[in-house]
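Inspection log for the structure reproduced underneath, given as structure tokens.
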Amino acid sequence: SYSGFSAGATTIYFPATHYQFYGWNSLISVQNTTASSITANLYIYNEAGTQVATDSKTIPAFASYHWDLETIGAGLRLPTRLNGSAKVVCTGACVGTDNQTAVGGYTQSYNAFLAGDTTLYAPALYNDYYHWISSLKVQNIGDGPTDIDVIYYVQGGGVCDPPAETIQPGQSLYHYLPAKWETWGCTSPTRNKVISAVITSSAEDIAGIANAAGKPGLPTAGQAQTYGVFASSEGAAKVGLPAIMNNYYKWITSFTCQNLGSTDANVTYSYS
């Protein structure tokens with residue numbers, strides 16, 4: 001799933017772009033939101049922030065173009081096991097999504113970012129939460145290098161503060177929690193606990209996504225999900241959730257609220 005857009009931008013950002021990365025491949029879709037044809041220029045970066053491919057396409061008014069990296073990656077000379085990032089520069093306003101698939105039936109999607117912020121929030125991350133595991137990708141969408149600091153907060157108490165990392169324009173920081181947690185020296189137990197994160201940038205705006213996937217060979221295998229992490233301006237004292245399900249054709253919902261303030265908050269839930 002992904003959300004529709006109310007506006008477009010001439011540069012849009014994709015923090016996570018994959019080609020043959022443990023079976024994951026990106027399908028980058030870009031829509032022209034204007035009444036005239038535009039040119040969309042795709043730039044793809046590897047994990048080190050080096051541009052590894054570029055492509056340009058003309059998109060008619062209100063139409064979309066789809067870069068299916070699984071089928072065109074070899075033609076673009078993309079490196080295998082690409083765990084990179086991308087941006088699309090359009091000659092008129094555009095929007096985009098990245099719909100990703102992997103072997104084993106995994107699928108996940110996210111909206112391209114039209115803008116970013118210097119502080120971001122990730123409400124739900126997992127490191128063996130009932131067999132769910134997470135990764136975090138944060139892209140530098142500015143014009144110069146920036147230092148990224150991520151602080152993780154564990155449900156019930158516990159903080160993990162790994163060293164800050166410097167990333168270049170277009171590059172994404174990548175945190176795969178099962179591989180990183182103990183390497184960082186973090187000792188807070190995470191099994192069956194939700195983790196949240198606060199991400200700050202020293203100099204440039206950033207954008208990011210959080211991924212979660214079920215462990216292979218367990219009941220959650222074949223399931224995956226992605227969401228865009230939130231900018232400070234997106235927090236509010238009241239928020240709405242349009243779709244809540246409790247055994248709706250066997251669909252069940254959970255949701256997580258993160259306190260963006262510096263003091264405790266009392267939260268009231270109301271269901272309709």
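The values are calculated or read from the model by the stated rules, or taken from the named source; none is laboratory data. Note that the coordinates shown come from a computational prediction; the quantities given were computed from them, not determined experimentally. Note: ideal-geometry Cβ built from the backbone for every residue, glycine included; neighbour counts use all protein chains shown. Each accessible area value is taken on the protein alone, full model and side chains, heavy atoms only, with ligands, DNA and RNA left out. Shrake-Rupley method; radii C 1.70, N 1.55, O 1.52, S 1.80 Å.
A few notes on this one:
- Taking the numbered list (1) under 30 Å from Ile151 (Cβ atoms); (2) assigned to a strand (DSSP E or B); (3) within 16 Å of the chain's Cα centre (by Cα) in turn, Leu27 passes all entries but (1).
- Taking the criterion of being open to solvent by less than 10 Å² (accessible area, probe 1.4 Å) and either under 14 Å from Gln108 (Cα atoms) or charged (D, E, K, R) (or both), the residues of region 19-36 that qualify are Ser26, Ile28.
- Checking Thr220 against (1) in contact with a Gly (Cβ under 6 Å, 6 or more places away or on another chain); (2) buried (at least 19 other Cβ atoms within 10 Å of the Cβ), the condition it does not meet: (2)
- Within region 115-143, the set of residues being crowded, with 23+ Cβ neighbours inside 10 Å, among the hydrophobic types (A, V, I, L, M, F, W, C) and under 12 Å from Thr226 (Cα atoms) comprises Ala122, Leu125, Leu136.
- Within region 98-107, restricting attention to residues that are touching a strand residue (DSSP E or B) at 6+ places or on another chain (Cβ under 7 Å) and open to solvent by 10 Å² or more (accessible area, probe 1.4 Å), the residue that is nearest to Gly208 (Cα to Cα) is Asn99.
- The set of residues from region 40-51 being open to solvent by 50 Å² or more (accessible area, probe 1.4 Å) and either without any contact (Cβ under 8 Å) to a residue 40 or more places away in the chain or touching a strand residue (DSSP E or B) at 6+ places or on another chain (Cβ under 8 Å) (or both) comprises Tyr43, Glu47, Thr50, Gln51.
- Restricting region 238-261 to residues that are in a strand (DSSP E or B) and on the phi < 0 side of the Ramachandran plot, the residue that is most open to solvent (accessible area, probe 1.4 Å) is Trp251.
- Residue within region 233-251 that is in contact with a strand residue (DSSP E or B) (Cβ under 6 Å, 6 or more places away or on another chain), under 30 Å from Ala86 (Cα atoms) and not hydrophobic (A, V, I, L, M, F, W, C) present: no
- For region 144-185, the strands (runs of 3 or more DSSP E) that sit wholly inside it and include 1 or more residues that are open to solvent by 10 Å² or more (accessible area, probe 1.4 Å) and of a type in the set (A, V, I, L, M) are 146-154.
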